[in-house]
Amino acid sequence: MLFTDLPLCDSLLDGLQAMNFKETTPIQEQAIPVILQKRDLIACAQTGTGKTAAFLLPLLNNLQTEPHEEHKVNAIIMAPTRELAQQIDQQMEGFSYFTPFSSVAVYGGNDGEAWEIQKRGLTNGADVVVATPGRLLSHINLYNIDFSGVKYFILDEADRMLDMGFFDDIMKIERLLPKERQTIMFSATMPPKIQQLAKTILHDPEEISISITRPPDTIMQSAYLCYESQKMQILRQLFKEKKPKKVLLFSGSKMKVKEITKLLRGMGLSAGEMHSDLDQAQRDSIMHEFRNERVDILVATDIVARGIDIDDITLVINFEAPYDVEDYVHRIGRTARAGDTGMAITFVSPDEQYRLQQIERFLGKEINRIPLPEGMGESPEYNPTREARGQGRGGSVRSGKGGGRREGDGKRKLQGEAAIPGEIATVDASAAKQTPRRKNNKQQKKRKPQGEGAATTGGSDEKSNAPRQGGEGSSHRRSNHPPRKGGEGAPRREGGDRGERREGSNPEGRRKEGSNNPRNKRPQRRTDAPSADRNSGKPQRQEANKPAAKEQKTKKPGILSWLFGRKK
């Protein structure tokens with residue numbers, strides 16, 4: 001169908017002729033007559049089908065032919081991202097060139113001057129407001145904006161807005177609008193949450209669905225089965241053979257985007273990057289250069305997967321297989337727009353083969369496999385049934401509930417629901433040496449050499465086996481540790497305390513025998529060391545009522561004695 005066959009006003013037809021719009025797309029052919037009749041509409045159409053013109057043209061025609069209040073906002077168009085809001089506003093300027101209507105784009109990431117322009121457009125009553133939900137709510141909360149004249153409420157990419165968590169914002173804005181209005185919703189997919197939203201804000205809507213499932217057949221889809229380490233080599237070889245022109249390369253992370261851009265620029269190619277670290281002015285600049293072919297390759301995250309209308313993109317590259325089939329459709333939908341042909345290549349590592357299988361099931365066909373360039377070795381075996389590590393967003397390989405932890409003997413100690421009380425209660429004395437407290441483990445390691453030295457010389461270890469709080473056989477006390485004041489069997493706090501270390505410990509021995517001593521390279525105690533002569537390999541015995549701290553303080557060695565031997 002031709003646009004001239006539709007009941008559009010002459011000023012709009014003049015604008016379409018100036019923009020070289022002649023034939024309608026299927027979504028335009030079905031949606032425009034419904035909107036002209038002022039009926040609510042929910043339309044499901046994939047990206048790149050011309051749905052922006054499908055709601056802008058009848059909206060402008062209704063504003064032209066029906067009376068409306070001046071100096072008030074007459075229509076609100078919601079978009080999920082600033083890039084899509086910009087695109088809609090740009091097409092609005094083109095279609096309304098021969099009409100008296102004004103529009104303003106309201107989105108975040110601007111400077112103070114842009115904020116003032118948005119404020120004036122809202123308060124003075126621009127005919128059409130194109131906005132992201134968050135920024136529009138910010139203006140609503142700060143200023144008294146009159147929405148009593150709104151007759152048209154349009155949601156573009158509604159599924160994307162819900163995915164981004166804008167449901168509450170949309171409902172807040174919807175409650176501020178008049179009940180008597182026309183509501184239009186466009187979505188690339190139709191999940192249950194979209195159907196629920198449609199039941200909430202639409203009234204007896206007309207439903208249109210235009211093959212939302214599969215990308216156009218004019219896109220030649222291919223895939224490389226490769227290892228992760230081979231992807232950069234493939235990319236280098238791909239652009240080495242042929243000079244790229246209008247290529248869009250997607251990656252899942254901004255760090256990888258920066259790395260790829262650096263590689264391409266190192267090859268002497270004209271490449272630009274687009275990610276969330278860039279402010280709005282930088283994004284506008286790089287998009288302008290890409291549209292005007294000053295940049296041949298645009299490396300981007302999913303920030304431009306939807307809503308960016310760039311003509312003549314010849315190739316789309318997925319550096320990783322997308323997590324969702326929907327993301328894949330939107331990415332490769334940037335090429336072969338408006339009936340043109342294009343190519344899409346996806347790099348698939350072994351952990352991403354499961355995603356490729358899901359994409360092929362969705363498409364109902366197998367994506368063509370490209371052999372690796374010569375000299376790169378063989379491709380990995382295609383085994384999509386093998387579970388990928390950390391499947392899905394935020395996947396984790398950590399063990400779940402009841403996974404347990406390793407004990408000192410290398411056996412797994414069960415925890416949670418899988419624990420067996422009987423086994424835990426009968427742990428022997430050697431297993432009781434392990435403690436989950438990191439601090440006590442360090443103390444055990446520091447005390448171990450002296451305890452071992454005392455044992456090898458035949459010293460008595462009755463003190464180490466003395467009963468104390470915490471149970472029989474506990475090994476927290478060193479064999480050469482003097483008894484605490486108050487008696488040999490005085491109860492002690494589990495794991496020791498600071499006061500005990502100050503009074504009864506042997507700081508000289510620890511300092512000389514520790515791993516920090518530059519002359520003592522081995523952690524084992526040397527029997528011919530001066531400290532061994534002092535201790536004679538026997539545990540120090542003192543009366544319970546006579547603290548040893550004062551005597552030890554007088555024997556504290558100096559720094560030279562610590563480095564070169566005992567001070568005589």
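Every read-out reported here was derived from the displayed coordinates using simple, explicitly stated rules and does not represent laboratory data. On a predicted model such as this, the values are computed, not experimentally measured, just so you know. All Cβ positions, even for glycine, are placed from backbone atoms using ideal geometry, and neighbour counts span all protein chains on display.
Cross-link pairs exceeding 22 Å in C-alpha to C-alpha distance, out of 179/199; 72/199; 51/365; 119/172; 51/119, comprise 72/199; 51/365; 51/119.
Protection proxy ranking for 363-374, 252-263, 13-24, using the average of other Cβ atoms within 10 Å per residue and placing the highest first: 252-263, 13-24, 363-374. DSSP beta bridges confined to segment 3-210 are antiparallel in about 0 percent of cases. Computed from the Cβ-Cβ distance with R0 of 51 Å, the FRET efficiency linking residue 116 to residue 232 stands at 0.65.
Per-residue packing, averaged as other Cβ atoms within 10 Å, sorts the ranges 63-72, 290-299, 84-93 into the order 84-93, 290-299, 63-72, beginning with the highest. Remark: the residue 218-residue 196 segment gains 4.5 nm on full extension, using 0.36 nm per residue and subtracting the alpha carbon distance.
Subtracting the Cα-Cα distance of residue 341 and residue 302 from 0.36 nm times their residue separation leaves 11.8 nm of extension gain. Test of understanding: extend the Cα→C-beta vector of residue 203 to 7 Å, then name every residue of segment 169-193 with backbone N under 11 Å from that spot. The answer is 178-183. Distance between the pseudo-spin-label points of residue 17 and residue 259 (7 Å out from Cα toward the beta carbon): 5.5 nm.
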